[in-house]
Amino acid sequence: MDVIEAIKTRHSVRAYKPEPVPKDILAELMEVALRAPSWANTQTWEFAIVSGETMRELKQSLGGKASAQDERYPDIPRPEWPSPYRERGRENGIRLYHLLGISREDTKRQLHWFVDMYHFFDAPNGIIVYIDRELSVWALLNVGLIVQTIGLAALNYGLGTTILAASVSYPDEVRRMLNIPESKQLVIAMAIGYPDLEAEVNRFCSNREPLETMVTWHGF
């Protein structure tokens, strides 16, 4: 797939087919993604890739905590976005709920949707991204670069992805199930699998601010 087409095509996939991605495909994808840039080639990222019974148990564990609305305690605290960033996120959520027909008063469906995030949107595979705790915030830039690279490379294999903060909201559970040492800080997760192209939710595409809002030009 053309790089520009991939950038324009990539979006968060929120419904997946049940068949898991073969390990050799995931290994090939990750081999490509590891070419992502990083600060001074430090390559500070590490990954746990999950499938099968382990994936089922991970979904069950995280989904159970979300259903009970247990307090979240991510290794990296959730941000409190000021304006205008807060409004952009809110507008995105309103549009998505409108597409799904979830009203403001329908707390039951809202909770179901909330829990679905912790189920990796029923993706057959998941990726947990983590780093050494001792690293500086610059390591998070490296993670952002490779997560985007994974999302773009996935399209070449007919795969979709969703980048998920929800799935690292209970890091002790994830570390225990995947044997990740306490010395590692969980940063982000990804759902990955074959998109269900018939699902209405996969028609959703988030908005972007216009170029003139984000870019200033100098010396032209």
Subject >> Single unsatisfied condition, Arg133 versus (1) surrounded by 20 or more Cβ atoms within 10 Å (Cβ to Cβ); (2) closer than 21 Å to Pro37 by Cα; (3) out of contact with any helix residue (DSSP H, G or I) (no Cβ under 9 Å at 6 or more places or on another chain) >> reply: (1)
Original post:
Could you list, in sequence order, the residues of region 180-213 that are outside any loop (DSSP other than H, G, I, E, B) and more than 18 Å from Ser51 (Cβ to Cβ)?
Top reply: Lys184, Gln185, Leu186, Val187, Ile188, Glu200, Val201, Asn202, Arg203, Leu211, Glu212, Thr213
**OP:** Starting from region 168-179, keep only residues that are at negative phi and hydrophobic (A, V, I, L, M, F, W, C), then list their pairs with residues that are in a helix (DSSP H, G or I) and crowded, with 16+ Cβ neighbours inside 10 Å whose Cβ atoms are within a distance under 6 Å, requiring at least 6 positions of separation or different chains.
**Re:** Met177/Leu58
Original post:
Looking at (1) surrounded by 12 or more Cβ atoms within 10 Å (Cβ to Cβ); (2) at pLDDT 95 or above; (3) farther than 19 Å from Ser67 by Cβ, can you tell me which one Phe204 breaks?
Top reply: (2)
Original post:
Within region 140-164, which residues are of a type in the set (A, V, I, L, M, F, W, C), touching a helix residue (DSSP H, G or I) at 6+ places or on another chain (Cβ under 8 Å) and under 15 Å from Gln43 (Cα atoms)?
Top reply: Leu141, Ile146, Ile150
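Which of the residues spanning region 64-92 are among the hydrophobic types (A, V, I, L, M, F, W, C), surrounded by 10 or more Cβ atoms within 10 Å (Cβ to Cβ) and over 18 Å from the mean Cα position of the chain (by Cα)?
Taking region 64-92 as the starting set, the residues that turn out to be among the hydrophobic types (A, V, I, L, M, F, W, C) are 66, 68, 76, 81.
Next, only the ones that are surrounded by 10 or more Cβ atoms within 10 Å (Cβ to Cβ) stay: 66, 76, 81.
Result: Trp81, single match.
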Subject >> So Glu182, is it without any contact (Cβ under 8 Å) to a residue 60 or more places away in the chain, within 30 Å of Ser136 (Cα to Cα) and of a type in the set (Asp, Glu) >> reply: yes
Subject >> Answer residue from region 93-136, given it is in a loop (DSSP other than H, G, I, E, B) and under 22 Å from Ala48 (Cβ atoms) and is farthest from the chain's Cα centre (by Cα) among those >> reply: Glu134
**OP:** Output the qualifying pairs, or none if there are none: Cβ atoms under 8 angstrom, residues six or more apart or on different chains, first residue in region 2-31 and within 13 Å of Asn125 (Cβ to Cβ), second residue surrounded by 16 or more Cβ atoms within 10 Å (Cβ to Cβ) and of a type in the set (Val, Ile, Thr).
**Re:** Val13/Thr161; Val13/Thr162; Val21/Ile192; Leu26/Ile49; Leu26/Ile192; Leu29/Ile150; Met30/Ile49; Met30/Ile150
**OP:** Determine, yes or no, whether Ala154 is within 19 Å of the chain's Cα centre (by Cα), under 26 Å from Glu5 (Cβ atoms) and either charged (D, E, K, R) or at pLDDT 95 or above (or both).
**Re:** yes
**OP:** Using the structure shown, decide if Glu71 is modelled with pLDDT of 95 or more, assigned to a loop (DSSP other than H, G, I, E, B), among the charged types (D, E, K, R) and out of contact with any Phe, Trp or Tyr (no Cβ under 9 Å at 6 or more places or on another chain).
**Re:** yes
**OP:** For residues that are in a helix (DSSP H, G or I) and among the polar types (S, T, N, Q), tally how many sit in region 140-179.
**Re:** 5
Original post:
Of the residues that sit in region 42-68 and are in a helix (DSSP H, G or I) and hydroxyl-bearing (Ser, Thr, Tyr), which one is farthest from Lys184 (Cα to Cα)?
Top reply: Ser67
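The values are calculated or read from the model by the stated rules, or taken from the named source; none is laboratory data. Fair warning: this is a prediction, and the values are worked out from it, not measured in the lab. All Cβ positions, even for glycine, are placed from backbone atoms using ideal geometry, and neighbour counts span all protein chains on display.
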